[in-house]
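Asks: Attaching a single structure in structure tokens format; questions to follow.
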Amino acid sequence: MLARVAHALFALAHDLERAEGLARLLETGHALALESHAADGRASEAVWEPLVAVAGDPEEFHRTHLRADARSVSWAFAFDIEDPTSIAAALTRARANAMSVRDTLPTEVWEAINGAAMEPGRWPPKRVAREGVYPFCRDIRRAGHQIAGVMDHAMRRDEAWEFMCLGRFLERADFTVRMVAVRYGSASASPDGGTWTMPVGHPVADEARLLIDGVGIAPETMSRLLMLDEGSPRSVAFGMLQLERAIMRLADMGSIAPDPPALTLARAARGMLAEGAGGSWAPADVDALGERMIARLGSIAQAIADSCFLAAHDAPIGRHAQASRQAQN
Amino acid sequence: MSLFTGYRVDGFFDETFEADGVPRGGYRRLLDGLGRIAPDAFAERSAAVGRAYLSQGITYSHGGTEHAFPFDLLPRLIPADEWAVLERGLAQRVKALDRTLADIYGPGRAVADGVIPNSLVVTCAGYVRQMMGVEPPGGRWIHMSGIDLVRDGQGVWRVLEDNLRSPSGLSYVVQNRAFMRRAFPEAFTDQSVSPVGHAPRMLLSALRGAAPEGRTTPRVVVLTPGPANAAYYEHAFLAQQMGIPLVEGRDLMVRERRVYLRTTAGRERVDVIYRRVDDSFLDPASLRADSMLGVPGLMQCCRDGSVAVCNAIGTGVADDKALYAYVPDLIRYHLGEEPILAQVPTYLPERQDEREHVLANMSDLVVKAVDGAGGVGILIGPHSTPDERRDFARRVIENPRGYIAQETISLSRAPVLLDGRFRARHVDLRPFVLYGDGEPMVVPGGLTRVALREGSLVVNSSQGGGSKDTWVVGEGSGHAPVAAPADEDLEVATSAATPPDPVAAAGGAPAERYAEAI
């Protein structure tokens, strides 16, 4: 597979995952702020500040926004196309990458991505003011499900699929680690573990939790579930398992060299998780484990880039201008 | 109210109607089928297709914005017997042009024998000096061409221009048919329509046939300038349909005089490049140094014959609009045959007497830049203002080699659904000729392009044009026959003899009845 194409597929899946993850987060953030903190004025501290820490860079956020609240966080993470961490920016990038590899993607997949990328444009400020952010997030989440479903039905399990798995599960694992790291400390300190609804982010996931342990939401249970349960699709362990499998498949297909460094790193990361599971699960330890996992996930992404994408150079400035001038008579 | 309420032929050759309210033979069944659909329902189907084109990204890019390519649901029909003549004429023309290129970059016999002037050849914008003495694999220069045809006021098909560099539109031929099947299945009832879905496979076959000798399972790629290009959708579609990689210049590299793909697992040799990048951008080492779209060293590989570039570098010389005037003579010279297809009477301002004629009759002629494309650099005399004519006259005087002039042709019209009812609009036809290691193959029908704006003469998508599906149907439909070229037209096209009276040549009809496709 072309290095450029592999890179575009990886980035595309990464951005789609990010958009869906952010939509879940915003959706539950709004629900939580309304339900638990509408009256006590603690929504910023209890919901929106942590959400900024999970989804973006708090320092960068506060450079342009006075405080984290429903309006500023929704704008920044949903619609601000200038903010590279927003849903709109992620979907725009995803569409551009999908377009650059259109020949590789089944038409239905392209169409689903194209449709999702058009969604933010259907939400002018007036509509957001009228209907709120919740329906937007719901539509984005559904678009994410549709894309995943169409991919599942239409794509061959070939290199393209595996590179997309790499991008998707790296982002998912990273996102979940950040949520756990940010939420565990504060939730442990809280008498009600209610804020754990946020990391799970969706009733389906919440129901899955109940099936597993049948207990109420407790910070330790939830953080263990999110970090360690290999059967939960949004857990770090599940993401790591899928990453490892995708790297092995790519090596088997001859798309990357045998025994790639990314595989060694991914295996070590799973070992790190297993080791953490057997040790103390105090907030400080979980926080430290989260830090190490985030660093390790960065190393895996770098190793994949070094071995697979090195040949895919960024387009030099002026290239697009030349491309647009090519006569197609 | 019928969708055709108020539709008038208005003295033009209409593709669908012989006279007001009288459909041509092949269209009767089609219009019967249409009559069974409520007008609102048909308009809704049409709108749904427009939405589907946008959501599926079947677009072209213009001014940095993507637009859906407008598609009209009423197909254009060409009877099989009429098509058979066009097919032969197109194959003949492309064969002759291919030999012309081999001769220009090879022995130069046509120049030596006085068929074409050397000064014309070497001053063509598409002439690539570095290709002199190069013989592409299999000796083939033109693998894919789009020959623009128009029908004049008498219904006679004429070649308007040859597109031999990166002709676009084949993807729309395939997609339009797919949408027709879904949106207007009733139209196919009792019709025998030649399929077009195999066009990408025909192209792949032609490209494989261009592979360097000894490469039995050649690796073929589509080289695109990238998503910023107006025709990117087509590049991606064709690559997908052919099952071959869509690559950009940065995905390719040259090592030891061979072209390779940069893959995640290392290098993979490339044998055939179907390029949609201009000649001068293909190799920054040999051609345009500031190109960011090409592959350094590619020219050397072409010279060595280790890779086939399709169409070959330098083919632009044969679609120079000035060379167009010589094509009938080149057909006679290289093939020893009379041209099957007529073309539009053309004047070369480079010749003193023809220049005077052009300058004196600008309001009746169409003046084109010889290296123009996409409807740019053109003056349509009957629709021009005095200022525009003065501007073009100045340009012609300053650079007579840079322009040609042609008689204005009364383009045929066809019904196009606009704002809920059919209105007559001018159309042209771009058939695609694919030429591999056998005889030239013509994709049945081709792309009918439509000038959507009322009174507009421009059919290019980049200028607001749309398209129609084109059906080659199994029986006659009452169309005018494909006339053999009138001798006087060919004389005008290639000689400096007394130019004909343009008004007489156009049949003496009012200027506004004349149109020109670009």
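FYI, it's all coordinate maths here, none of it is from the lab. Computed from a prediction, not measured in an experiment: that's the story for all the values here. Cβ atoms come from the backbone with ideal geometry, glycine included; neighbour counts cover every protein chain shown.
Asks: So between B:Thr189 and B:Asp371, what do we pick up on full extension, going 0.36 nm a residue minus the alpha carbon distance? The partial results should precede the final answer.
Replies: Numbers: separation 182, 0.36 × 182 = 65.52 nm, distance 4.39 nm.
Using 0.36 nm per residue and subtracting the Cα-Cα distance, I get 61.1 nm.
Asks: Which order do the peptides B:95-103, A:255-263 come out in when sorted by mean C-beta neighbours inside 10 angstrom, highest first?
Replies: Details: B:95-103: 22.6, A:255-263: 18.3.
Order by mean packing, descending: B:95-103, A:255-263.
Asks: Could you tell me whether the stretch B:51-130 comes out rounded, prolate or oblate from its Cα gyration tensor? Rule is a ≥ b ≥ c as square roots of the eigenvalues, rounded for a/c under 1.5, then prolate if a/b exceeds b/c, otherwise oblate.
Replies: Numbers: a/c = 4.24, a/b = 1.66, b/c = 2.56.
In terms of gyration-tensor shape, oblate.
Asks: Taking the alpha-carbon centroid of each part, what is the distance from the stretch B:184-209 to the stretch B:356-416 in angstrom?
Replies: 36
Asks: Calculate one ³J(HN,Hα) per residue across the stretch A:245-251 by plugging θ = phi - 60° into the Karplus curve 6.51 cos²θ - 1.76 cosθ + 1.60, and present them in order as whole Hz with x for glycine and proline.
Replies: Result, ordered by residue: 5, 5, 5, 5, 4, 5, 5 Hz.
Asks: Right, something else. Going toward the positive end of the dipole of the protein assembly as shown, with +1 on Lys and Arg Cβ and -1 on Asp and Glu Cβ, which of B:Val309, A:Ile140, A:Phe169 do you reach last?
Replies: A:Phe169
Asks: Suppose every K and R has +1 on its Cβ and every D and E has -1 on its Cβ; what is the size of the dipole of the stretch A:3-83 about the Cα centre, in Debye to the nearest 20? If you can, show how the numbers build up before the last one.
Replies: Working: 7 positive and 15 negative charges, 24 e Å.
With only Lys, Arg, Asp and Glu charged at Cβ, the dipole is about 120 debye.
Asks: Which whole-angstrom value gives the distance between the alpha carbon centres of the stretch A:122-146 and the stretch B:2-49?
Replies: Cα centroid to Cα centroid, the span is 42 Å.
Asks: Evaluate the relative contact order of chain B (contact order divided by residue number), counting alpha-carbon pairs under 8 angstrom at least 6 apart; express in whole percent.
Replies: On the way: 1085 pairs, mean separation 126.2, N = 518.
That works out to 24 percent.
Asks: Ok, one more. Looking at B:His334, B:Gln406, B:Ser384, which one has the Cα that reaches farthest to the positive end of the dipole of the stretch B:310-439 (charges on Cβ: Lys, Arg +1; Asp, Glu -1)?
Replies: About the Cα centre, the residue reaching furthest to the positive side is B:Ser384.
Asks: Under a straight-distance cross-link criterion of Cα-Cα below 16 Å, which aspartates and glutamates are reachable from A:Lys126, leaving out those fewer than 8 residues away in the same chain?
Replies: A:Asp80
Asks: From Cα pairs below 8 angstrom and at least 6 apart in sequence, can you work out the relative contact order of the stretch A:1-113, rounded to a whole percent? Don't jump to the answer; show the numbers that get you there.
Replies: On the way: 101 pairs, mean separation 38.7, N = 113.
Worked out over the stretch A:1-113, it gives 34 percent.
Asks: Identify, among B:Leu238, B:Val450, B:Phe13, the residue whose Cα sits farthest towards the positive end of the charge dipole of chain B, taking +1 on the Cβ of Lys and Arg and -1 on the Cβ of Asp and Glu, with the dipole about the Cα centre.
Replies: B:Leu238
Asks: Here's a follow-up. Averaged over peptide A:96-104, how many Cβ atoms belonging to another chain are found within 10 Å of each residue's Cβ?
Replies: Working: counts 1, 1, 2, 8, 7, 3, 10, 15, 5.
Mean shielding count: 6.
Asks: Then there's this: Mind checking the stretch A:46-153 for GluC sites (Glu not before Pro) that DSSP puts in a loop (not H, G, I, E or B) and that have at most 11 other Cβ atoms within 10 Å? Before the final figure, lay out each step's value.
Replies: On the way: sites: A:Glu59, A:Glu60, A:Glu82, A:Glu108, A:Glu111, A:Glu131; in loops: A:Glu82.
Answer in residue order: A:Glu82.
Asks: Mind checking the mean number of beta-carbon atoms from other chains within 10 Å of the Cβ atoms in B:268-276?
Replies: Details: counts 2, 0, 0, 0, 0, 0, 0, 1, 4.
That average works out to 1.
Asks: Under a Cβ-only charge scheme (Lys and Arg +1, Asp and Glu -1), can you give me the dipole magnitude of the stretch B:86-215 about the Cα centre, in debye to the nearest 20? Kindly include the intermediate steps, with their values, before the conclusion.
Replies: Working: 16 positive and 12 negative charges, 66 e Å.
About 320 debye.
Asks: Right, next: Shielding by partners for B:236-248, please: the mean number of other protein chain Cβ atoms within 10 Å of each residue's Cβ.
Replies: Values: counts 8, 3, 1, 3, 7, 1, 1, 1, 1, 5, 8, 4, 8.
Across the residues of B:236-248, the mean count of other-chain Cβ atoms within 10 Å is 4.
Asks: Enumerate the amide H contacts of A:Ala327 below 5 Å, restricted to partners 5 or more residues apart or on another chain; note that Pro and chain-start residues carry no placed amide H.
Replies: Result for A:Ala327 returns B:Asp278.
Asks: Further question: Which value, in debye to the nearest 20, gives the size of the charge dipole of the protein assembly as shown about its Cα centre, when Lys and Arg are +1 and Asp and Glu are -1 at the Cβ? All intermediate terms of the calculation are to be shown ahead of the outcome.
Replies: Numbers: 89 positive and 108 negative charges, 143 e Å.
Dipole of the protein assembly as shown, to the nearest 20 debye: 680 debye.
Asks: State the extension gain, in nm to one decimal, for the chain segment bounded by B:Asp391 and B:Asp32, taking 0.36 nm per residue of separation less the distance between their alpha-carbons.
Replies: Between B:Asp391 and B:Asp32, full extension yields 124.2 nm more.
Asks: Using alpha carbon centroids, what distance separates the stretch A:271-312 and the stretch B:237-282, in Å?
Replies: The distance from the Cα centre of the stretch A:271-312 to that of the stretch B:237-282 comes to 37 Å.
Asks: What is the stretch B:322-365 by shape, rounded, prolate or oblate, if you read a ≥ b ≥ c off the alpha carbon gyration tensor as root eigenvalues and call it rounded for a/c under 1.5, prolate for a/b larger than b/c, and oblate otherwise? Don't skip to the answer; put the middle values down first.
Replies: On the way: a/c = 4.34, a/b = 2.25, b/c = 1.93.
Prolate shape, in that a/c is at least 1.5 and a/b is the bigger ratio.
Asks: Suppose we keep just the DSSP beta bridges with both residues in the protein assembly as shown; what percent of those would be antiparallel, to 5? If you can, show how the numbers build up before the last one.
Replies: On the way: 53 of 71 bridges.
Antiparallel bridges: around 75 percent, rounded to the nearest 5.
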